[in-house]
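The values are calculated or read from the model by the stated rules, or taken from the named source; none is laboratory data. A quick note: this is a predicted structure, and the numbers were derived from the prediction, not measured. Here the Cβ is made from the backbone with ideal geometry for all residues, glycine too, and neighbour counts use every protein chain on show. Quick note on the areas: whole protein, heavy atoms, side chains included, nothing else; ligands and nucleic acids left out. Shrake-Rupley method; radii C 1.70, N 1.55, O 1.52, S 1.80 Å.
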Amino acid sequence: MSSNPCAIVGIGQTNHKTRRWDVSLGGLVREAATRALEDAHMTWADIDAVVLGKAPDLFEGVMKPELYLTDALGAAGKPMFRVHTAGSVGGTTGIVGSHLVEAGIHRTVLSLAYQKQSEGNAQFALGSGRGASLGAGGAFAPYMRSYITQTGAPADVGPMVAVKDRLNALKNPYAHLKLKDITVEKVKESPMMWEPIRYLESCPSSDGACAVIFTSLEGGQAAAADGRPPAWVLASSYRSEPSSFPGRDPVWSAGAADCAAEIYKSAGITRPREQIDCAELYVPFSWYEPMWLEAHDLADRGDGWKMVERGDTALDGSFPVNMSGGVLSSNPIGASGLLRFAEAAMQVRGTAGEHQVDGAKVALAQAYGASAQYFSMWLVGSSLDAVG
């Protein structure tokens with residue numbers, strides 16, 4: 001843990017269905033930032049620096065958006081940092097903001113990540129402007145099929161994750177996709193997109209933004225004294241690995257495992273399933289939930305799907321995962337990682353509303369991207385000594 005503790009005192013979201021005409025890009029990010037400021041009882045003048053993250057500029061066709069959005073985010077005359085690590089960028093944006101406070105460089109930092117997919121063509125962007133792109137689903141499908149083959153997981157596990165997350169989304173006012181009559185049977189009847197992933201096991205294409213305000217130990221203590229419990233960043237980590245090297249196993253990625261090992265060591269976690277209360281994991285396709293449980297040492301190798309089957313990862317299970325509905329219910333790609341990180345922080349602050357896990361004191365959040373090449377994770381607590 002840093003010698004300069006970092007507190008999260010403000011969180012704001014905006015997550016819309018495609019609404020190309022009634023909100024501008026500047027309006028989208030400002031809406032989330034304004035909500036975070038209101039949550040933190042702050043004004044723009046209280047922010048010392050801004051960290052902006054999003055997936056590639058090609059997604060909307062706006063180059064250097066950190067310059068274009070400076071005024072919308074109250075950053076004129078202040079340091080503005082840009083982060084880009086593909087689909088994991090939202091998580092990394094949060095980590096960079098926390099590091100600026102932990103390093104003592106700035107007292108109060110606004111991290112914001114976004115994507116406005118209605119103003120671009122994600123398939124075109126994922127193919128770097130070239131035709132015949134497989135898209136994210138096509139890139140990840142072989143990894144998921146490999147997981148099923150190696151573990152012997154039954155076919156219903158993926159649909160079970162999809163149903164669980166979509167039911168959780170009904171409790172989240174910012175979830176994009178809400179399907180009230182979802183069932184395992186309906187998921188299995190939906191069209192196959194990229195075998196083994198069906199249409200209803202896939203994430204939507206969203207417009208949205210997420211803002212998180214970080215401040216110092218003193219700022220966090222002041223918020224707590226005012227009756228606004230902060231979330232404390234207990235540990236964070238990010239890793240990258242090449243898409244191909246001898247011995248690489250994208251099913252249980254070394255980068256993902258290294259992230260988990262680092263934050264567990266930093267926070268004093270020796271029994272993850274017992275010491276962590278819940279997790280927000282980056283699951284854009286349903287089979288990634290059991291895969292991440294195993295990669296992050298929350299389940300033994302080959303046992304992640306058994307946790308799903310037993311109902312352990314349900315909102316009322318022994319280890320809730322994606323209480324907000326997760327990426328399967330809202331996916332503004334550049335913001336999706338920060339949404340996971342923010343939702344974990346909301347859990348330990350006790351502000352998650354209908355999808356709150358009772359008594360949550362320690363929460364894990366994770367993001368990944370670029371065909372499982374970039375990884376980011378953090379652990380947040382209701383206090384600096386929340387880990388038992």
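With the condition kept exactly as written, say whether any residue in the stretch 310-326 is at pLDDT below 95 and not small (G, A, S).
no
Can you tell me which residue among A141, A153, A162 is in a loop (DSSP other than H, G, I, E, B) and either at pLDDT 85 or above or open to solvent by 70 Å² or more (accessible area, probe 1.4 Å) (or both)?
Going through A141, A153, A162 in turn, just one is in a loop (DSSP other than H, G, I, E, B) and either at pLDDT 85 or above or open to solvent by 70 Å² or more (accessible area, probe 1.4 Å) (or both): A153.
List the number of the failed condition for L293; all other conditions in (1) free of Cβ contacts under 8 Å to residues at least 40 places away in the same chain; (2) open to solvent by 10 Å² or more (accessible area, probe 1.4 Å); (3) touching a helix residue (DSSP H, G or I) at 6+ places or on another chain (Cβ under 7 Å) hold.
Going through (1) free of Cβ contacts under 8 Å to residues at least 40 places away in the same chain; (2) open to solvent by 10 Å² or more (accessible area, probe 1.4 Å); (3) touching a helix residue (DSSP H, G or I) at 6+ places or on another chain (Cβ under 7 Å) one by one, L293 breaks only (2).
Of the residues that sit in the stretch 24-49 and are among the aliphatic types (A, V, I, L, M) and over 14 Å from F214 (Cα atoms), which one is most open to solvent (accessible area, probe 1.4 Å)?
Here the residue is A45.
Could you tell me whether R273 is open to solvent by 30 Å² or more (accessible area, probe 1.4 Å) and either more than 20 Å from the chain's Cα centre (by Cα) or closer than 21 Å to I333 by Cα (or both)?
no
In the stretch 95-117, which residues are within 12 Å of F214 (Cα to Cα), outside any loop (DSSP other than H, G, I, E, B) and open to solvent by 10 Å² or more (accessible area, probe 1.4 Å)?
Passing the criteria: V96, H99, L100, E102.
What do you reckon, is T92 outside the structural domain of V327 (by the TED database), in a helix (DSSP H, G or I), under 16 Å from the mean Cα position of the chain (by Cα) and not aliphatic (A, V, I, L, M)?
yes
Between residues in the stretch 73-88 that are assigned by the TED database to the domain that holds N331 and part of a loop (DSSP other than H, G, I, E, B) and residues that are surrounded by fewer than 19 Cβ atoms within 10 Å (Cβ to Cβ) and among the aromatic types (F, W, Y), which pairs lie under 6 Å by C-beta distance while being six or more apart or on different chains?
Filtered contacts from the stretch 73-88: no entries.
Which residues, counting only those in the stretch 320-344, are in contact with a helix residue (DSSP H, G or I) (Cβ under 9 Å, 6 or more places away or on another chain), among the hydrophobic types (A, V, I, L, M, F, W, C) and closer than 11 Å to E280 by Cα?
V321, M323, V327, L338, L339, F341, A342 - these are the residues of the stretch 320-344 that are in contact with a helix residue (DSSP H, G or I) (Cβ under 9 Å, 6 or more places away or on another chain), among the hydrophobic types (A, V, I, L, M, F, W, C) and closer than 11 Å to E280 by Cα.
So for the stretch 231-253 (the condition being part of a helix (DSSP H, G or I) and either open to solvent by less than 10 Å² (accessible area, probe 1.4 Å) or at pLDDT 95 or above (or both)), does at least one residue qualify?
Within the stretch 231-253, one or more residues are part of a helix (DSSP H, G or I) and either open to solvent by less than 10 Å² (accessible area, probe 1.4 Å) or at pLDDT 95 or above (or both).
For a quick check of your reading of the model, give me the residue pairs whose first member lies in the stretch 45-72 and is free of Cβ contacts under 8 Å to residues at least 24 places away in the same chain, whose second is part of a loop (DSSP other than H, G, I, E, B) and open to solvent by 10 Å² or more (accessible area, probe 1.4 Å), with beta-carbon atoms closer than 6 Å and at least 6 apart or on different chains.
Pairs found: D57/M63; T70/A76.
Condition first: under 22 Å from C203 (Cβ atoms), modelled with pLDDT of 95 or more and assigned to a strand (DSSP E or B). Now tell me which residues in the stretch 15-66 satisfy that.
Within the stretch 15-66, just G53 meets the criteria.
Please state which one of P191, P173 is more than 24 Å from P320 (Cα to Cα), open to solvent by 50 Å² or more (accessible area, probe 1.4 Å) and not assigned by the TED database to the domain that holds D48.
P191
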